[in-house]
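Reviewing the structure listed below.
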Amino acid sequence: MLAQNPAAAIVASFRRRIASLPDWAPLASAAVLLSVITAGVRAWPVLTGSAVADILNYQRVGRAILDGHFSETYALPYPYPPPWMFVEASAVWLSQHWDVSFSTVIKLPIVAGDVLLVVFALLILRARGLGLWRASFWALGIALSPVLIMITGFHGQFDSIVLALLVGAAYFGEEAPARYRSLPLSATLLALAIALKLFPVLILPFFLWRCCRNLREAALFTVGALLPTAMLLAPYALVGWHGVRVGLVGYSGVIDHGWASLIRSWLSRTTDRQWSGLPGERTQEFLDRGRVMFLVTWALALLWRGPRHRVLDSSLLVFLLFLFFYPGISSQYLAWVVPLGVIATDLFVAPYMVAATAALTGYYMWFWPATFHRPGAPFTRDWALDLYYWGEWALWLTTGAWMVWRLVPRPAHDGPHRLPRPAIALLVVAVPVGAVIVALQAADVFSETRVIIKAF
């Protein structure tokens, strides 16, 4: 009898050990490895960053809370629900007692949000039937996304925490195996997401369509998702309703990105000036018309896709509609569609990330060079502004193409609901009416754009 090859014996022993592991061990190992990669690539900007832009705002609010100015917070104005202000205050206190920079402390929970987002993406991809290697490869797209790295590690915005909670709510409400299905847990995670930032409210109706089997469950889910934020806001609303309304509902974004930024960057290139908005009184008109166009298309998407497609797939379309139609978009909003595109295994996420990375790099280097750890650096007009301008064009066109691609009819996914006949009748009426409204608003926007361009 021939002696067994030593290398073959080692391989066979390794396979036996792998086979003897519990079923959850490979998935857990992949989740741990992806988590380490996610945190590792964000370590340098988190540990070496300085307080700039939104980080300075966080610090100012945190100090105000520690000084006892709770009721005056929304007079700043303050664009978030209350829970985040206590995170800001805790970060100020910890940075003072640990002798660590505030920028580092406040970014740690945001990095944790990125890690949680990657883990939930891996779980959902596996639940949808992808093999472990393929699911890990897709989840790696979130871990290594330059868009998320810039928003989390350099900018310091906390949208990844909100997205992780939203994705987690969808996982437990719809994606997880039946034995883990838990509507209360899904509603709780969605409530936490809404309590940090209000934009997940746009996705609540999709949860009701897909995850609730009757009106009772829908009512309980709605109360569970909205009541915590309402209770947290109630004391501030009683003290100063105007400040709460302006800070949360009246906040209309800034023209850092979005189609109005095309005009802004054009003005900057033409006049060689750092335009923070648009000239004249047209800015608010742009924002108002963009809000109308988005809300109309959101309502149509809700009627058409709500009962027929998964929550996260519908969320991807809603956020693409927002990015395309809304004129004034802050940088952190560009991160919303990246994890959802990865979870949908949509290859369109790759060109989107390329365009968004170019637009973000040009924007930061032209307007906020200190974001990339260059405090006091002069504006680099030779390339940063050009990168911002052409990056914004590439971003808007890519977003539009991706939006159209997601509108292509796809097979419906099984769910507790089917589109009822009244909704079908309403959709038949709403589609042409909505198309007319959007067309009229777009025509007005075009006319206003021509007025601004002719002035220069």
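Here are a few things to note about the model shown:
- Checking 105, 115 one by one, the residue that is out of contact with any strand residue (DSSP E or B) (no Cβ under 8 Å at 6 or more places or on another chain), free of Cβ contacts under 8 Å to residues at least 24 places away in the same chain and under 22 Å from residue 43 (Cα atoms) is 105 and no other.
- No other residue among 140, 183 is within 22 Å of residue 119 (Cβ to Cβ), touching a Cys at 6+ places or on another chain (Cβ under 7 Å) and surrounded by fewer than 24 Cβ atoms within 10 Å (Cβ to Cβ) apart from 183.
- From the list 450, 410, 374, the one residue that fits, being at pLDDT below 80, surrounded by fewer than 12 Cβ atoms within 10 Å (Cβ to Cβ), part of a loop (DSSP other than H, G, I, E, B) and of a type in the set (Lys, Arg), is 410.
- Which listed residue is more than 20 Å from residue 332 (Cβ to Cβ), crowded, with 22+ Cβ neighbours inside 10 Å and either in contact (Cβ under 8 Å) with a residue 12 or more places away in the chain or out of contact with any Ser or Thr (no Cβ under 7 Å at 6 or more places or on another chain) (or both), from 130, 125, 47: 125
- Qualifying residue in region 337-350 (condition: surrounded by fewer than 24 Cβ atoms within 10 Å (Cβ to Cβ), aromatic (Phe, Trp, Tyr) and modelled with pLDDT of 90 or more): yes
- The residues in region 58-77 that are modelled with pLDDT of 75 or more and touching a Phe, Trp or Tyr at 6+ places or on another chain (Cβ under 9 Å) can be counted, and the count is 7.
- Unique match (being within 14 Å of the chain's Cα centre (by Cα) and either crowded, with 24+ Cβ neighbours inside 10 Å or of a type in the set (A, V, I, L, M, F, W, C) (or both)) among 105, 147, 100: 147
- In the set 100, 111, only one residue is of a type in the set (Val, Ile, Thr) and more than 18 Å from residue 161 (Cβ to Cβ); that residue is 100.
- Of the criteria (1) at pLDDT 75 or above; (2) closer than 27 Å to residue 367 by Cα; (3) assigned to a helix (DSSP H, G or I), which one residue 293 fails: (2)
Quick grid of which residues meet (1) part of a helix (DSSP H, G or I); (2) of a type in the set (S, T, N, Q); (3) within 15 Å of the chain's Cα centre (by Cα):
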{"residue": "288", "(1), (2), (3)": "yes, no, no"}
{"residue": "298", "(1), (2), (3)": "yes, no, no"}
{"residue": "313", "(1), (2), (3)": "yes, no, yes"}
{"residue": "324", "(1), (2), (3)": "yes, no, yes"}
{"residue": "327", "(1), (2), (3)": "no, no, no"}
{"residue": "354", "(1), (2), (3)": "yes, no, no"}
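The values are calculated or read from the model by the stated rules, or taken from the named source; none is laboratory data. Given the structure is predicted, the values throughout are model-derived calculations rather than measurements. Cβ sites come from the backbone with ideal geometry, for glycine too, and all protein chains shown count toward neighbours.
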